[in-house]
Amino acid sequence: MTEDTDAGVERILILAAHPDDVDFGAGGTVAHWTDAGIEVSYCVATSGDAGGFGDTPRHEMVGLREAEQRAAAEVLGVHDVEFLRQPDGALYPTMELRKGYSRAIRRVRPHRVLIQSPEIDWRWVGAAHPDHRASGQAGLAAVYPDARNPFSHPALIVEEGLQAWSAHQLWIMSGPRDAHAVDITETFDRKVAALREHRSQTANQENLETSLRRFGSVTATRYGLRDGLLAESFQVVHIT
């Protein structure tokens, strides 16, 4: 499926485990959305402090990776980035994480929420990091039922004034049930540029652009796009 599904979508929220997850999984699509005038926000569960190379002092990693993610987001036209500062490498779909994601949904009031897959895609195990799946589980629970239920996380209303909000469209990235492709040929260079902002993660990846282009080409071919085009793919779920 490749048809336009953005009609009526003005705000999109992306929930992800780590800095750089959005840029790897959906960077070209995010640029496509912002180019179309859609407001995109990120809520990132961790600050990626368990990542990076050995020569980066651990106490500097949180600030470094948050700054990298903000810079990468700017490349793609995103200006709202929130970090929940959950433990990197030890993320679980706890009520605390569900509340954090629910808070973000109620604050942003998105028409669409993009999450990571709570399922393993055995074609590409690298995307099935336990933190990714935990983020996906918590994100799904936040979309349905938490954020829309005024009796879930009541402090969000009583103490923060964040009323319940129902997002009726859920997109899932890097999962085994993708059925929708987005043509990112025109935004591919910005996807690469955004990932280059994550210097602590990509500085030693000399073949980064080549690998991304190959993956985008394979995805485009899978969905019947003509030769030379690049794509990212997602599962689209409509929630009543």
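Can you tell me the relative contact order of the chain? Whole percent, Cα pairs under 8 Å, sequence separation 6 or more.
Contact order relative to length: 25 percent.
Express the C-alpha Rg of segment 83-205 as a ratio against the empirical globular expectation 2.2 N^0.38 Å, rounded to two decimals.
Values: Rg = 16.3 Å, N = 123, 2.2 N^0.38 = 13.7 Å.
My calculation over the Cα atoms of segment 83-205 gives 1.19.
Scan around residue 80 for amide H atoms under 5 Å from its own, H built in the peptide plane at 1.01 Å from N, and keep only partners 5 or more places away or cross-chain.
42
Enumerate the calculated ³J(HN,Hα) couplings along segment 29-36 in order (Karplus 6.51 cos²θ - 1.76 cosθ + 1.60, θ = phi - 60°), each rounded to whole Hz, writing x wherever the residue is Gly or Pro.
Values per residue, Gly and Pro as x: 5, 4, 4, 4, 5, 5, 4, 7 Hz.
What is the Cα radius of gyration of segment 31-131 over 2.2 N^0.38 Å, N being its residue count? All intermediate terms of the calculation are to be shown ahead of the outcome.
Values: Rg = 14.8 Å, N = 101, 2.2 N^0.38 = 12.7 Å.
The value comes to 1.17.
Principal axis extents for the chain, Cα atoms only, whole Å, descending order, please.
So the three principal-axis extents are 52, 46, 33 Å.
Over what distance in Å are the Cα centres of segment 18-53 and segment 192-233 separated?
Comparing the Cα centres of segment 18-53 and segment 192-233, I get a distance of 15 Å.
With contacts defined as alpha carbon pairs under 8 Å and 6 or more residues apart, what's the relative contact order of segment 101-216 in percent? List each step's numbers first, then the result.
Numbers: 121 pairs, mean separation 35.2, N = 116.
RCO, segment 101-216: 30 percent.
So what is the relative contact order for segment 67-152, in percent, with contacts set as C-alpha pairs under 8 Å and at least six apart? If you can, show how the numbers build up before the last one.
Details: 72 pairs, mean separation 28.9, N = 86.
RCO, segment 67-152: 34 percent.
What is the fewest-to-most order of 197, 96 by other Cβ atoms lying within 10 Å of their Cβ?
Values: 197 22, 96 12.
The order, fewest Cβ neighbours first, is 96, 197.
Can you show me the helix-derived [θ] at 222 nm for the chain, built from DSSP H runs with n ≥ 4 at -39,500 (n - 2.57) apiece and divided by the number of residues, rounded to the nearest 500. Walk me through the numbers on the way to the answer.
Values: 8 runs with 91 residues, N = 240.
About -11500 deg cm²/dmol.
FYI, it's all coordinate maths here, none of it is from the lab. Quantities reported herein were computed from a predicted structural model and do not represent experimental measurements. Note: ideal-geometry Cβ built from the backbone for every residue, glycine included; neighbour counts use all protein chains shown.
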